[in-house]
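Peer 1: Take this structure first; my questions come after.
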Amino acid sequence: MYRVIRFLCVLCALCGSEIERPERLRQNKECNVKEQPTILIADDEPQMVGVIAYALQTAGFQVLMAYDGLQALQQVEERRPDMVILDVAMPGIDGFEVCQRVRSETTIPVLLLTVKDEQADVIKGLELGADDYMTKPFSTRELVLRVQAVLRRAGIRHVAAVESGPLRIDFERHTVTLHGLPVELTPLEYRLLACLATNAGRALTWQALLKEVWRLELWQGSKEMVKVQIHRLRQKLEPNPAKPTFIHTVRGAGYRFDAGETNDHLAAL
(Lines give C-alpha, C1' and ligand atoms only; values in the text may rest on other atoms or scores of the structure.)
Protein backbone atom coordinates (compact mmCIF):
# COMPACT_ATOMS: atom_id res chain seq x y z
CA MET A 1 0.00 0.00 0.00
CA TYR A 2 2.86 2.39 0.82
CA ARG A 3 4.30 1.90 -2.68
CA VAL A 4 0.92 2.57 -4.24
CA ILE A 5 0.60 5.83 -2.32
CA ARG A 6 4.05 6.91 -3.47
CA PHE A 7 3.14 6.14 -7.08
CA LEU A 8 0.02 8.28 -6.74
CA CYS A 9 2.14 11.07 -5.26
CA VAL A 10 4.34 11.08 -8.35
CA LEU A 11 1.34 11.19 -10.69
CA CYS A 12 -0.17 14.05 -8.73
CA ALA A 13 3.10 15.97 -8.70
CA LEU A 14 3.36 15.72 -12.46
CA CYS A 15 0.16 17.74 -12.74
CA GLY A 16 1.77 20.86 -11.29
CA SER A 17 2.39 23.94 -13.43
CA GLU A 18 5.23 26.44 -13.75
CA ILE A 19 5.73 29.10 -11.12
CA GLU A 20 7.74 32.29 -10.92
CA ARG A 21 11.50 31.74 -10.92
CA PRO A 22 13.13 32.91 -7.65
CA GLU A 23 16.75 33.87 -7.08
CA ARG A 24 18.80 34.04 -3.93
CA LEU A 25 19.68 37.30 -2.23
CA ARG A 26 23.40 36.60 -2.14
CA GLN A 27 25.22 38.13 -5.07
CA ASN A 28 28.06 36.94 -7.27
CA LYS A 29 30.95 39.15 -6.20
CA GLU A 30 32.49 39.19 -9.67
CA CYS A 31 29.50 40.44 -11.65
CA ASN A 32 26.74 41.44 -9.21
CA VAL A 33 24.40 38.68 -10.42
CA LYS A 34 22.15 37.04 -7.86
CA GLU A 35 22.43 33.29 -7.78
CA GLN A 36 19.61 30.80 -7.63
CA PRO A 37 18.70 29.39 -4.23
CA THR A 38 19.85 25.81 -3.79
CA ILE A 39 17.29 23.33 -2.48
CA LEU A 40 18.23 19.91 -1.11
CA ILE A 41 15.63 17.20 -1.80
CA ALA A 42 15.88 14.08 0.36
CA ASP A 43 13.56 11.14 -0.36
CA ASP A 44 14.27 7.42 -0.63
CA GLU A 45 12.10 7.20 -3.77
CA PRO A 46 14.26 8.28 -6.77
CA GLN A 47 11.23 8.91 -8.97
CA MET A 48 9.76 11.32 -6.44
CA VAL A 49 13.10 13.12 -6.11
CA GLY A 50 13.22 13.48 -9.89
CA VAL A 51 9.72 14.93 -10.11
CA ILE A 52 10.37 17.48 -7.36
CA ALA A 53 13.79 18.35 -8.81
CA TYR A 54 12.30 19.02 -12.23
CA ALA A 55 9.59 21.25 -10.78
CA LEU A 56 12.07 23.27 -8.73
CA GLN A 57 14.57 23.64 -11.57
CA THR A 58 11.81 24.77 -13.90
CA ALA A 59 10.90 27.38 -11.28
CA GLY A 60 14.49 28.63 -11.17
CA PHE A 61 16.14 26.78 -8.30
CA GLN A 62 19.33 24.79 -8.19
CA VAL A 63 18.85 21.39 -6.61
CA LEU A 64 20.81 18.84 -4.65
CA MET A 65 19.53 15.29 -4.24
CA ALA A 66 19.83 12.71 -1.47
CA TYR A 67 18.19 9.31 -1.12
CA ASP A 68 18.54 8.67 2.59
CA GLY A 69 19.06 10.58 5.80
CA LEU A 70 22.83 10.09 5.90
CA GLN A 71 23.27 11.48 2.40
CA ALA A 72 21.06 14.43 3.33
CA LEU A 73 23.18 15.28 6.36
CA GLN A 74 26.37 15.00 4.30
CA GLN A 75 24.96 17.35 1.66
CA VAL A 76 23.95 19.86 4.32
CA GLU A 77 27.42 19.81 5.84
CA GLU A 78 29.32 19.96 2.54
CA ARG A 79 27.08 22.14 0.35
CA ARG A 80 25.06 24.29 2.77
CA PRO A 81 21.84 24.52 0.72
CA ASP A 82 19.42 27.41 1.19
CA MET A 83 16.56 25.06 2.08
CA VAL A 84 15.93 21.36 2.69
CA ILE A 85 12.90 19.28 1.65
CA LEU A 86 12.72 16.04 3.65
CA ASP A 87 10.61 12.90 3.38
CA VAL A 88 9.93 11.83 6.96
CA ALA A 89 9.71 8.10 6.11
CA MET A 90 13.26 7.51 4.85
CA PRO A 91 14.90 4.29 6.10
CA GLY A 92 17.62 4.52 8.72
CA ILE A 93 17.90 8.16 9.71
CA ASP A 94 14.38 9.43 9.01
CA GLY A 95 13.30 12.92 8.07
CA PHE A 96 12.41 13.88 11.62
CA GLU A 97 15.91 13.11 12.85
CA VAL A 98 17.52 14.87 9.90
CA CYS A 99 15.34 17.91 10.59
CA GLN A 100 16.33 17.92 14.25
CA ARG A 101 20.05 17.76 13.42
CA VAL A 102 19.84 20.40 10.70
CA ARG A 103 17.97 22.87 12.89
CA SER A 104 20.24 22.25 15.88
CA GLU A 105 23.34 23.15 13.86
CA THR A 106 22.10 25.62 11.22
CA THR A 107 19.36 28.10 10.39
CA ILE A 108 18.55 26.38 7.08
CA PRO A 109 14.76 26.27 6.51
CA VAL A 110 13.18 22.79 6.39
CA LEU A 111 10.00 21.56 4.71
CA LEU A 112 8.80 18.06 5.62
CA LEU A 113 6.95 15.65 3.32
CA THR A 114 4.92 12.66 4.45
CA VAL A 115 2.15 10.32 3.29
CA LYS A 116 0.67 10.49 6.77
CA ASP A 117 -1.97 13.06 7.64
CA GLU A 118 -1.83 12.75 11.38
CA GLN A 119 -1.89 15.74 13.70
CA ALA A 120 0.79 14.13 15.86
CA ASP A 121 3.23 14.06 12.93
CA VAL A 122 2.51 17.68 12.08
CA ILE A 123 3.11 18.74 15.68
CA LYS A 124 6.27 16.63 15.93
CA GLY A 125 7.73 18.13 12.77
CA LEU A 126 7.01 21.69 13.84
CA GLU A 127 8.38 21.06 17.33
CA LEU A 128 11.61 19.82 15.76
CA GLY A 129 11.95 23.11 13.91
CA ALA A 130 10.36 22.45 10.51
CA ASP A 131 9.25 25.63 8.75
CA ASP A 132 6.46 24.00 6.79
CA TYR A 133 4.80 20.64 6.26
CA MET A 134 3.12 19.00 3.25
CA THR A 135 1.16 15.78 3.01
CA LYS A 136 1.50 13.53 -0.03
CA PRO A 137 0.05 13.48 -2.60
CA PHE A 138 0.52 17.14 -3.54
CA SER A 139 0.87 19.21 -6.69
CA THR A 140 4.24 20.63 -7.67
CA ARG A 141 2.58 24.03 -8.02
CA GLU A 142 1.69 24.07 -4.34
CA LEU A 143 5.12 22.75 -3.37
CA VAL A 144 6.96 25.48 -5.28
CA LEU A 145 4.68 28.16 -3.84
CA ARG A 146 5.38 26.90 -0.32
CA VAL A 147 9.12 26.81 -1.00
CA GLN A 148 8.99 30.40 -2.23
CA ALA A 149 7.04 31.45 0.86
CA VAL A 150 9.54 29.79 3.21
CA LEU A 151 12.45 31.47 1.43
CA ARG A 152 10.73 34.85 1.61
CA ARG A 153 10.37 34.44 5.36
CA ALA A 154 14.07 33.57 5.48
CA GLY A 155 14.90 36.86 3.78
CA ILE A 156 15.73 35.56 0.31
CA ARG A 157 14.37 37.84 -2.40
CA HIS A 158 13.21 37.04 -5.92
CA VAL A 159 14.63 38.24 -9.20
CA ALA A 160 12.35 38.47 -12.22
CA ALA A 161 14.83 38.64 -15.08
CA VAL A 162 18.45 38.84 -16.22
CA GLU A 163 19.43 41.21 -19.02
CA SER A 164 22.64 41.36 -21.04
CA GLY A 165 22.52 44.01 -23.73
CA PRO A 166 19.72 43.04 -26.14
CA LEU A 167 19.25 39.65 -24.47
CA ARG A 168 16.60 39.27 -21.75
CA ILE A 169 15.80 36.10 -19.82
CA ASP A 170 12.46 36.44 -18.05
CA PHE A 171 12.17 33.87 -15.27
CA GLU A 172 8.56 34.74 -14.46
CA ARG A 173 7.28 34.18 -17.97
CA HIS A 174 9.82 31.51 -18.85
CA THR A 175 10.76 33.43 -22.00
CA VAL A 176 13.88 34.67 -23.78
CA THR A 177 13.94 37.72 -26.04
CA LEU A 178 16.68 39.18 -28.23
CA HIS A 179 16.26 42.77 -29.40
CA GLY A 180 12.70 42.51 -28.13
CA LEU A 181 11.89 39.50 -30.30
CA PRO A 182 11.11 36.06 -28.82
CA VAL A 183 13.73 33.35 -29.10
CA GLU A 184 12.41 29.81 -29.38
CA LEU A 185 14.39 27.49 -27.12
CA THR A 186 13.86 23.86 -26.23
CA PRO A 187 13.31 23.12 -22.51
CA LEU A 188 16.88 21.80 -22.30
CA GLU A 189 18.32 24.88 -23.99
CA TYR A 190 16.35 27.13 -21.66
CA ARG A 191 17.55 25.32 -18.53
CA LEU A 192 21.14 25.50 -19.78
CA LEU A 193 20.89 29.22 -20.51
CA ALA A 194 19.19 29.90 -17.17
CA CYS A 195 21.89 27.98 -15.32
CA LEU A 196 24.65 29.96 -17.04
CA ALA A 197 22.89 33.32 -16.70
CA THR A 198 22.16 32.99 -13.00
CA ASN A 199 25.82 32.15 -12.45
CA ALA A 200 27.04 34.98 -14.69
CA GLY A 201 30.72 35.78 -14.44
CA ARG A 202 31.56 32.29 -13.19
CA ALA A 203 33.01 29.55 -15.36
CA LEU A 204 30.95 26.37 -15.02
CA THR A 205 32.59 23.08 -15.97
CA TRP A 206 30.88 20.69 -18.33
CA GLN A 207 30.67 18.25 -15.43
CA ALA A 208 28.78 20.80 -13.31
CA LEU A 209 26.43 21.63 -16.18
CA LEU A 210 25.80 17.95 -16.87
CA LYS A 211 24.78 17.38 -13.28
CA GLU A 212 22.77 20.58 -12.83
CA VAL A 213 21.01 20.87 -16.20
CA TRP A 214 20.78 17.25 -17.37
CA ARG A 215 20.60 15.83 -13.82
CA LEU A 216 23.08 13.14 -14.87
CA GLU A 217 26.16 11.67 -13.25
CA LEU A 218 29.43 11.86 -15.20
CA TRP A 219 29.28 8.25 -16.32
CA GLN A 220 25.82 8.85 -17.79
CA GLY A 221 26.82 11.74 -20.06
CA SER A 222 29.73 13.34 -21.86
CA LYS A 223 31.46 16.62 -22.57
CA GLU A 224 30.17 16.41 -26.14
CA MET A 225 26.53 16.55 -24.93
CA VAL A 226 27.19 19.91 -23.30
CA LYS A 227 29.25 21.18 -26.22
CA VAL A 228 26.46 20.44 -28.70
CA GLN A 229 23.85 22.34 -26.66
CA ILE A 230 26.19 25.30 -26.15
CA HIS A 231 26.69 25.40 -29.93
CA ARG A 232 22.93 25.41 -30.50
CA LEU A 233 22.40 28.20 -27.98
CA ARG A 234 25.04 30.32 -29.66
CA GLN A 235 23.44 29.77 -33.04
CA LYS A 236 20.18 31.16 -31.68
CA LEU A 237 21.56 33.99 -29.53
CA GLU A 238 24.89 35.22 -30.81
CA PRO A 239 25.24 37.75 -33.67
CA ASN A 240 28.45 35.93 -34.57
CA PRO A 241 28.54 32.44 -33.01
CA ALA A 242 32.25 32.16 -33.84
CA LYS A 243 32.92 35.20 -31.63
CA PRO A 244 30.34 34.92 -28.84
CA THR A 245 29.39 37.88 -26.69
CA PHE A 246 27.08 36.11 -24.23
CA ILE A 247 28.38 32.56 -23.72
CA HIS A 248 32.16 32.32 -23.61
CA THR A 249 34.40 29.26 -23.56
CA VAL A 250 36.95 29.46 -20.75
CA ARG A 251 39.83 27.22 -21.69
CA GLY A 252 40.32 24.48 -19.14
CA ALA A 253 37.46 25.77 -16.98
CA GLY A 254 34.19 25.45 -18.92
CA TYR A 255 31.65 28.06 -20.02
CA ARG A 256 30.83 31.51 -18.69
CA PHE A 257 27.84 33.78 -19.30
CA ASP A 258 28.79 37.45 -19.63
CA ALA A 259 26.04 39.71 -18.35
CA GLY A 260 28.13 42.85 -18.77
CA GLU A 261 27.14 46.16 -17.24
CA THR A 262 23.44 45.52 -17.78
CA ASN A 263 23.33 43.45 -14.61
CA ASP A 264 22.35 46.70 -12.92
CA HIS A 265 18.97 46.26 -14.59
CA LEU A 266 18.10 43.03 -12.80
CA ALA A 267 14.45 43.29 -11.89
CA ALA A 268 13.69 42.30 -8.32
CA LEU A 269 10.21 41.27 -7.27
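The values are calculated or read from the model by the stated rules, or taken from the named source; none is laboratory data. Please read these numbers as outputs of a predicted model, since none were measured by experiment. Note that each Cβ is placed from the backbone with ideal geometry, even for glycine, and that neighbours are counted across all protein chains shown.
Peer 1: Among the residues of region 32-58 satisfying the criterion of being modelled with pLDDT of 90 or more and assigned to a helix (DSSP H, G or I), which is surrounded by the fewest Cβ atoms within 10 Å (Cβ to Cβ)?
Peer 2: So, considering only residues that are modelled with pLDDT of 90 or more and assigned to a helix (DSSP H, G or I), the one surrounded by the fewest Cβ atoms within 10 Å (Cβ to Cβ) is Pro46.
Peer 1: Among the listed residues Tyr133, Tyr190, identify the single one that is out of contact with any helix residue (DSSP H, G or I) (no Cβ under 8 Å at 6 or more places or on another chain) and among the aromatic types (Phe, Trp, Tyr).
Peer 2: Within the list Tyr133, Tyr190, the selection yields Tyr190.
This table checks each residue for (1) more than 15 Å from the chain's Cα centre (by Cα); (2) in a strand (DSSP E or B).
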| position | (1), (2) |
| --- | --- |
| Gly60 | no, no |
| Leu64 | no, yes |
| Leu70 | yes, no |
| Glu78 | yes, no |
| Pro81 | no, no |
| Pro91 | yes, no |
| Cys99 | yes, no |
| Ser104 | yes, no |
| Thr107 | yes, no |
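Peer 1: Take region 230-245 and flag every residue that is under 24 Å from the mean Cα position of the chain (by Cα) and modelled with pLDDT under 95.
Peer 2: Our first condition is that a residue be under 24 Å from the mean Cα position of the chain (by Cα); within region 230-245, this holds for 230-234, 237.
The answer is none; no residue qualifies.
Peer 1: Further, regarding this structure: Which pairs have Cβ atoms under 6 Å, sit 6 or more apart or on different chains, and link a residue in region 37-50 that is in contact (Cβ under 8 Å) with a residue 40 or more places away in the chain to one that is crowded, with 24+ Cβ neighbours inside 10 Å and in a helix (DSSP H, G or I)?
Peer 2: Going by the 6 Å Cβ cut-off, the qualifying pairs are Ile39/Leu56; Ile41/Ile52; Ala42/Ala72.
Peer 1: State yes or no: is Gly254 on the phi > 0 side of the Ramachandran plot, buried (at least 17 other Cβ atoms within 10 Å of the Cβ) and touching a helix residue (DSSP H, G or I) at 6+ places or on another chain (Cβ under 8 Å)?
Peer 2: Against the criterion (on the phi > 0 side of the Ramachandran plot, buried (at least 17 other Cβ atoms within 10 Å of the Cβ) and touching a helix residue (DSSP H, G or I) at 6+ places or on another chain (Cβ under 8 Å)), Gly254 qualifies.
Peer 1: Okay, next question. Return yes or no: is Leu196 touching a residue at least 60 places away in the same chain (Cβ under 8 Å) and buried (at least 17 other Cβ atoms within 10 Å of the Cβ)? Don't jump to the end; show me each part of the working.
Peer 2: Working: touching a residue at least 60 places away in the same chain (Cβ under 8 Å): yes; buried (at least 17 other Cβ atoms within 10 Å of the Cβ): yes.
Spelling it out, Leu196 is indeed touching a residue at least 60 places away in the same chain (Cβ under 8 Å) and buried (at least 17 other Cβ atoms within 10 Å of the Cβ).
Peer 1: Return yes or no: is Arg168 farther than 30 Å from Thr114 by Cβ, touching a Ser or Thr at 6+ places or on another chain (Cβ under 8 Å), outside the structural domain of Leu86 (by TED's automatic domain parsing) and surrounded by 18 or more Cβ atoms within 10 Å (Cβ to Cβ)?
Peer 2: When the stated conditions are applied, Arg168 passes them.
Every residue, every condition in (1) outside the structural domain of Ala200 (by TED's automatic domain parsing); (2) over 23 Å from Cys195 (Cβ atoms); (3) buried (at least 19 other Cβ atoms within 10 Å of the Cβ), yes or no:
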residue: Pro81; (1), (2), (3): yes, no, yes
residue: Val102; (1), (2), (3): yes, yes, yes
residue: Leu145; (1), (2), (3): yes, no, no
residue: Ser164; (1), (2), (3): no, no, yes
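Peer 1: Within region 172-187, is even one residue polar (S, T, N, Q), more than 14 Å from the chain's Cα centre (by Cα) and part of a helix (DSSP H, G or I)?
Peer 2: For region 172-187, residues polar (S, T, N, Q), more than 14 Å from the chain's Cα centre (by Cα) and part of a helix (DSSP H, G or I): absent.
Peer 1: Those residues that are farther than 26 Å from Gly252 by Cβ and modelled with pLDDT of 90 or more, I need them from region 176-189; list them, please. Steps first, please.
Peer 2: The initial filter retains those residues of region 176-189 that are farther than 26 Å from Gly252 by Cβ, namely 176-187.
Listed by number, the residues that qualify are Val176, Thr177, Leu178, His179, Gly180, Leu181, Pro182, Val183, Glu184, Leu185, Thr186.
Peer 1: Same structure, new question: From the list Leu216, Leu209, which residue is in a loop (DSSP other than H, G, I, E, B), more than 30 Å from Arg103 (Cβ to Cβ) and touching a helix residue (DSSP H, G or I) at 6+ places or on another chain (Cβ under 6 Å)?
Peer 2: Selected residue: Leu216, the only one of Leu216, Leu209 that is in a loop (DSSP other than H, G, I, E, B), more than 30 Å from Arg103 (Cβ to Cβ) and touching a helix residue (DSSP H, G or I) at 6+ places or on another chain (Cβ under 6 Å).
Peer 1: Separate question: Restricting to region 197-206, count the residues that are modelled with pLDDT of 90 or more and in a helix (DSSP H, G or I).
Peer 2: Taking region 197-206 first, the residues modelled with pLDDT of 90 or more are 203-206.
Right, trim to in a helix (DSSP H, G or I) and you get 206.
Here the count works out to 1.
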